[in-house]
Amino acid sequence: MKQNRKMVRNFCLCIVSLLCVSGCWDSSDIEDMSFVIGFGIDSSENDQTPIKHTTQIASTKKKGEQGVMPQGKLYQDLTLEGKSIQDILRSISLQLPYPVYTDHLETIIINSETASKYDLSILLDQILRDNVTRLSPLVVLSKQQASDILDTNIEGEIPSSYLSSIFENKTTTLKIAPSVRVGEVSANLSSQASFMLPNVVKQQNVIKVDGAGVIKGKQKKFVGFLTDKEVEGVNWLSEEGKAGLLEFHDEEDNTIVYEVQHYKTKIKPRFKKGRLSFYVQIKAEGWITEDWSRSAHNLAERYVQHLEHLAAKEVERLMKGTMKKLQRDYEADVVGFSESFRIHYPRDFEKMKKDWDDYFADADLNYDVCIKIINTGDVVK
Amino acid sequence: MGEILQFLGRTDVWLGTIVVVLIPIGLTLLTDKVKKLREKQHTRIEQQFIPENHVLSAKLSVNVNQLKAIVGDSSDIIFRQFKLGMDNRSCSIVHIDGLVDQQQLQQSILHSLMHAKQMKSGLNPFKSESIKDYLLHHVLEVSDVTVIKDMKKIVRQLLSGSVLLFVDGLDEVVVLSVKKWLSRNLDEPITEALVRGPRMSFIENLRDNTAMLRRMTTDANLTFADFEIGKRTSRQLTVAYVKDIANEELLNNVKERIENLDIDHAAESGYIEQLIEDDYMSIFPQVQATERPDRVMGAILEGRIAILLDGTSYALLVPATFSMMLQSPEDYYERWIPMSLIRLLRYVAAFLSIFLPSFYIAFVSFHQGLIPTDLALAIAGTRVGVPFPTIIEALLMEVSIELLREAGLRLPRPVGQTVGLVGALIIGEAAVQAGLVSPIMVIVVAATAIASFVSPHYGAGIAQRALRFLAMFSAAFLGLYGISLFFLSLCVHAVKLRSFGVPYVTPGTLYSKDDWKDFFLRMPLFTMRKRPAEYFPKDQVRRKKY
């Protein structure tokens, strides 16, 4: 009996000690890790180490009075060169006391030259394979070095998260390219569809979204830029924007501003005898918010109709300009016409999707723009 | 085949197998042992303070001497010998000083006995039969009078505060009940304060408590069944129920358990609670203790059963379920929309008071990715320089909060205030400035403490606090996964638990979905035309129409 009791006690001890051995392996205190907020990918001149990778780490080591804004930079940039991104990330451990933690990654900036040199799916391979990194970070392109952009010192801000919050302004302007997440990039790459990545520039310590870059589906490489006017056209065509401004001119070249409250774009594809054509129908509603013409305070029905007509013409012009560049220069469908075609002609699309960009380049386009002014502002005659 | 052999040769496989086999074996051995401990019988030496062959004689002096021999020479027992007014017959009054209403004793008993007039009827006062009748019918001005022959009962009556009247020539004793002892005034219930509702609490005197209940209804079906609890102290215990509502089976169950319990002294109804509850290993209270007469009345009108014990102001209500621990009588006194929201708030508070620190630990030390980036950076910033891992930090704070609470409870009231102030200062300011804990931890612990005081049932609040520590350990051990495992095991236990035949999670079970109207929300009164089905009341309808 006594022996039995001793045995039971020993077993219990064994089990308890097992609990101590196992478990807690994922536990690490929050202050003992380096939060990675941004990545920058550039190519270097050195052939031995072709990739230049910048890691932006938020500095949490701000000790001092509570409630007082900490002085100095809120981040730390580490630029390393290497052959692979994973190796570079691990090499950071040679100079940082705490391991990097990429769950809070917000922005990935890719230099456009690098993007035209390397396949994008290879550049993003590490990020997509890593199971700590999410699919939510934004991907943007830049003409300048990504490391330069990440080193923009804005008071009280971390450049990467500053950049990602710029894209929340979708409701105020149509010139901003829709934000693209890593997950969407990966989906587009694997389906060989062309897409657009926003372009950012740094001008005198200011980060700015300026137009977009086009990635061609087949090559998975960067092919060229779109200006912000062309991005506006893309937004009208793809219905990606929420709301924004439309600036147009009357016959005497006076500027009139139309604020789009919401708009709808309908794409009606037509496929007959190998000839592809799209009928683009746009309906928009909005206000007149600024009018520089002399007849500014004229609220007559006819004048409003006239403005509607002018605005419609402007939208059509914008779209035509964009389509010209997309069809002739880049031959890339970044406006999502493939989707509506797939819905209308699923069987044909199966055959055509491999060379969709070529078909897209040859397609005819018809536009029907209907702009409605529902309010001319709080103007008293 | 080779692969199988290779697999069998691995040590981790064997280790795993051993653990998997041994844990159940160990647990069964442990439970067996505890079970044996419970079933072990002890023999109690029967109290033999009265010789078996004790018979009252007709001689007064013999009887009084016998009584003296039994109760001894306690200073508070008063023997008063006197002559009966009409015929000089010797009488003796015995009572305990302090348990008797002196005024009534003087006026209704002593005075009337000593001034008794010669009777006009033809009774022969020298016959023992007629002197008894004479005394009962003509002299004693007390309503509660009994005549007892059994010495054992006589001694019990004396010790519980009755007055004994020995008469020479009578081999019986007249027992007069003129009890009166000090009792507290009616007070507001301290542990169950309400904004709206009766400001009345039970007190330590059982008779007063039953009177309070009786005062609320004139229903003849309100029944009090008495039991004697405590082999040595013999206290009165009353089971209160409404005869035509309470379920017969439940009632028998309760009575059976009370009859079967054996204890020499029940100081508080907590003893009764622990001796009649279903699962002594459970952390949840399976009996509801309350100070409020209105709560007891409401409960017995729903078909539940109340147990009142003499000497304590806490009544017990059975059966009890988990949802009851988060209900307050005020839920029904105020209008249904705000009270439904407040009841929901209580559920949230209960959840927070158990899980908030553990969630903090899990997020901060396991799942940093689940915190919004800005908050993660803020937390990391405040934790810089804190020398302990989160679990130690949390334990430190939680233990000091519990210490403060306990100290504030025990200390004399004037000193208690100081402790509260000093403690708040130490925990709030000094600990943060000294870099022992992070400010966010202080917020978490304070929020948890406040949430745990929301519980309208004190016993449930204690249970929540104990569970909080278990949850914290499981969070520190396996993160959110650990918390979900802990929560699951808690659910498994709660589902298994029963209180007097009623599942503890009622009405969370599907087969009592009618009672959901009084679960998370308190629906308007017209929806509750029937009594809750969970107690299977005999009379189901509470109100016939709107």
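Any idea what the dipole of segment B:343-503 comes to, in debye rounded to 20, about its Cα centre with Lys/Arg Cβ at +1 and Asp/Glu Cβ at -1?
I would put it at about 620 debye.
Would you grab the residues whose amide H sits under 5 Å from the one on A:GLY224? Only those 5+ places off in sequence or on another chain, please, with H modelled 1.01 Å from N.
A:VAL214
Can you give the charge dipole size of segment B:60-176 about its Cα centre, rounded to the nearest 20 debye, using +1 on the beta carbon of Lys and Arg and -1 on the beta carbon of Asp and Glu?
Values: 12 positive and 13 negative charges, 49 e Å.
Dipole magnitude for segment B:60-176 comes out near 240 debye.
Only Cα pairs within less than 10 Å get springs; with that Gaussian network setup on chain A, which residue of A:GLN327, A:GLN203, A:GLN145 has the largest fluctuation?
Of A:GLN327, A:GLN203, A:GLN145, the most mobile in the Gaussian network model is A:GLN203.
Just check segment A:228-381 against the gyration tensor rule for me: Cα atoms, a ≥ b ≥ c as the square roots of the eigenvalues, rounded for a/c under 1.5, and otherwise prolate or oblate depending on whether a/b exceeds b/c. List each step's numbers first, then the result.
Values: a/c = 2.88, a/b = 2.47, b/c = 1.16.
Note, shape of segment A:228-381 comes out prolate.
Could you give the dipole magnitude of the protein assembly as shown about its Cα centre, charging the beta-carbon of Lys and Arg +1 and that of Asp and Glu -1, in debye to the nearest 20? Display every interim value, and only then the final one.
Details: 108 positive and 112 negative charges, 612 e Å.
Dipole about the Cα centre, nearest 20: 2940 debye.
Apply the Karplus curve 6.51 cos²θ - 1.76 cosθ + 1.60, θ = phi - 60°, to the phi angles in segment A:94-102 and return the couplings in whole Hz, x for Gly and Pro.
Whole-Hz 3J(HN,Hα) from phi for segment A:94-102: 6, 10, 10, x, 10, x, 6, 9, 9.
Short version: ³J(HN,Hα) in whole Hz for each residue of segment B:319-331, in order, from phi by Karplus 6.51 cos²θ - 1.76 cosθ + 1.60 (θ = phi - 60°), x for Gly and Pro, what are they?
The phi angles translate into x, 10, 10, 4, 5, 5, 5, 10, 10, 10, x, 4, 3 Hz.
Quick one: what are the phi-derived ³J(HN,Hα) couplings along segment B:501-509, Karplus 6.51/-1.76/1.60 with θ = phi - 60°, whole Hz, x for glycine and proline?
Each residue of segment B:501-509 in turn: x, 9, x, 5, 8, 3, x, x, 6 Hz.
For chain B, list the DSSP H helices whose alpha carbon atoms reach 27 Å or more along the long axis and whose average Kyte-Doolittle value is 0.5 or above? Spell out each step's value before the answer.
Numbers: long enough: B:11-39 (42 Å, 0.84); B:336-365 (42 Å, 1.50); B:390-410 (30 Å, 0.82); B:458-496 (30 Å, 1.25).
Helices meeting the span and hydropathy rule in chain B are B:11-39, B:336-365, B:390-410, B:458-496.
Could you tell me the relative contact order of chain B? Use alpha-carbon pairs under 8 Å, at least six residues apart, and round to a whole percent.
Working: 763 pairs, mean separation 67.6, N = 546.
The normalised contact order for chain B reaches 12 percent.
For A:ASP210, enumerate residues with amide H under 5 Å from its amide H, sequence gap 5+ or separate chain, H modeled in the peptide plane.
A:ASN199, A:VAL200, A:VAL201
I need the shape label for chain B. Rule: rounded when a/c is under 1.5, else prolate if a/b > b/c, else oblate, with a, b, c from the alpha carbon gyration tensor.
Working: a/c = 2.29, a/b = 2.16, b/c = 1.06.
Because a/c hits 1.5 or more and a/b exceeds b/c, chain B counts as prolate.
Mark the label point 7 Å from the Cα of B:VAL55 along Cα→Cβ and return the residues of segment B:159-174 whose backbone N is within less than 14 Å of it.
B:171-172
Tell me which DSSP H helices of chain A clear both cut-offs, 20 Å or more of axial length from alpha-carbon atoms and a mean Kyte-Doolittle hydropathy of at least -1.0.
Values: long enough: A:2-21 (29 Å, 0.63); A:301-324 (34 Å, -0.83).
Span-like helices, by this rule, are A:2-21, A:301-324.
Please tell me the relative contact order of segment B:302-341 in percent, rounded to the nearest whole number, where contacts are Cα pairs under 8 Å and at least six residues apart. Display every interim value, and only then the final one.
Working: 21 pairs, mean separation 10.0, N = 40.
Here the relative contact order equals 25 percent.
Using the charge dipole of chain A (Lys, Arg: +1 at Cβ; Asp, Glu: -1 at Cβ; taken about the Cα centre), state which of A:GLN86, A:LEU307, A:PRO137 has its Cα farthest towards the positive end.
The residue sitting most towards the positive pole is A:GLN86.
Measure out, as a whole number of angstrom, how far apart the alpha-carbon centroids of segment B:272-329 and segment B:162-189 sit.
First find each Cα centre; the distance between them is then 31 Å.
Compute the length gained on full extension between A:ASN298 and A:THR172: take 0.36 nm times their separation in residues and subtract their Cα-Cα distance, giving the result in nm to one decimal. Could the numbers behind the result be given before it?
Details: separation 126, 0.36 × 126 = 45.36 nm, distance 2.65 nm.
Stretched fully, the A:ASN298-A:THR172 segment lengthens by 42.7 nm.
Need the C-alpha centroid separation for segment B:494-525 versus segment B:364-389, integer Å.
One Cα centre to the other: 40 Å.
Among B:ILE391, B:GLY98, B:TYR314, which residue has its Cα furthest toward the positive end of the charge dipole of the protein assembly as shown, with +1 on Lys/Arg Cβ and -1 on Asp/Glu Cβ?
B:GLY98
Return the long-range amide H neighbours of A:LEU365 (sequence gap of 5 or more, or a different chain), with a cut-off of under 5 Å between placed amide H atoms.
So A:LEU365 has HN proximity to A:PHE278.
Rounded, prolate or oblate: which fits the protein assembly as shown, taking a ≥ b ≥ c as square roots of the Cα gyration tensor eigenvalues, rounded meaning a/c under 1.5, else prolate when a/b beats b/c?
Numbers: a/c = 3.26, a/b = 2.42, b/c = 1.34.
Prolate is the answer for the protein assembly as shown, as a/c is 1.5 or above and a/b outweighs b/c.
From the helices alone, meaning DSSP H stretches of at least four residues, give me the mean residue ellipticity at 222 nm for chain A, per-run term -39500 (n - 2.57), in deg cm²/dmol to the nearest 500. Could the numbers behind the result be given before it?
Numbers: 13 runs with 121 residues, N = 381.
About -9000 deg cm²/dmol.
Which value in deg cm²/dmol, rounded to the nearest 500, describes the helix-derived mean residue ellipticity at 222 nm for chain B, given -39,500 (n - 2.57) per DSSP H run of n ≥ 4 and division by the residue count?
Working: 16 runs with 238 residues, N = 546.
So the helix-based figure for chain B works out to -14000 deg cm²/dmol.
What is chain A's relative contact order, in percent, from Cα pairs under 8 angstrom and six or more apart in sequence?
Numbers: 717 pairs, mean separation 47.2, N = 381.
Relative contact order comes out at 12 percent.
Order by neighbour count: A:SER27, B:SER400, B:SER57, fewest other Cβ atoms within 10 Å first, most last. Don't skip to the answer; put the middle values down first.
Details: A:SER27 19, B:SER400 16, B:SER57 11.
Listed from fewest to most nearby Cβ atoms, that is B:SER57, B:SER400, A:SER27.
Anything over 28 Å Cα to Cα? Flag those among A:LYS320/A:LYS354; A:LYS143/A:LYS266; A:LYS242/A:LYS313, in the order listed. Display every interim value, and only then the final one.
On the way: A:LYS320/A:LYS354 25 Å; A:LYS143/A:LYS266 33 Å; A:LYS242/A:LYS313 20 Å.
Check vs 28 Å cut-off fails for A:LYS143/A:LYS266.
For chain A, set up a Gaussian network in which alpha carbons nearer than 10 Å are linked by springs, and say which option among A:GLY211, A:GLY82, A:GLY274 fluctuates the most.
Checking each option, the largest mean-square fluctuation is seen for A:GLY274.
Gaussian network model of chain A, Cα springs within a sub-10 Å range: biggest mean-square fluctuation belongs to which of A:GLU251, A:GLU113, A:GLU184?
Among A:GLU251, A:GLU113, A:GLU184, the largest mean-square fluctuation in the Gaussian network model of chain A belongs to A:GLU251.
Pull out the extension gain between B:TYR280 and B:MET114, defined as 0.36 nm times the separation in residues minus the alpha carbon to alpha carbon distance; nm, one decimal. If you can, show how the numbers build up before the last one.
Details: separation 166, 0.36 × 166 = 59.76 nm, distance 5.82 nm.
Between B:TYR280 and B:MET114, full extension yields 53.9 nm more.
Readers should treat all values here as calculations from the given coordinates under stated rules, not as data from a laboratory. No experiment lies behind these values; they were computed from the predicted model shown. Counting neighbours? That spans all protein chains shown, and the Cβs are built from the backbone with ideal geometry, glycine included.
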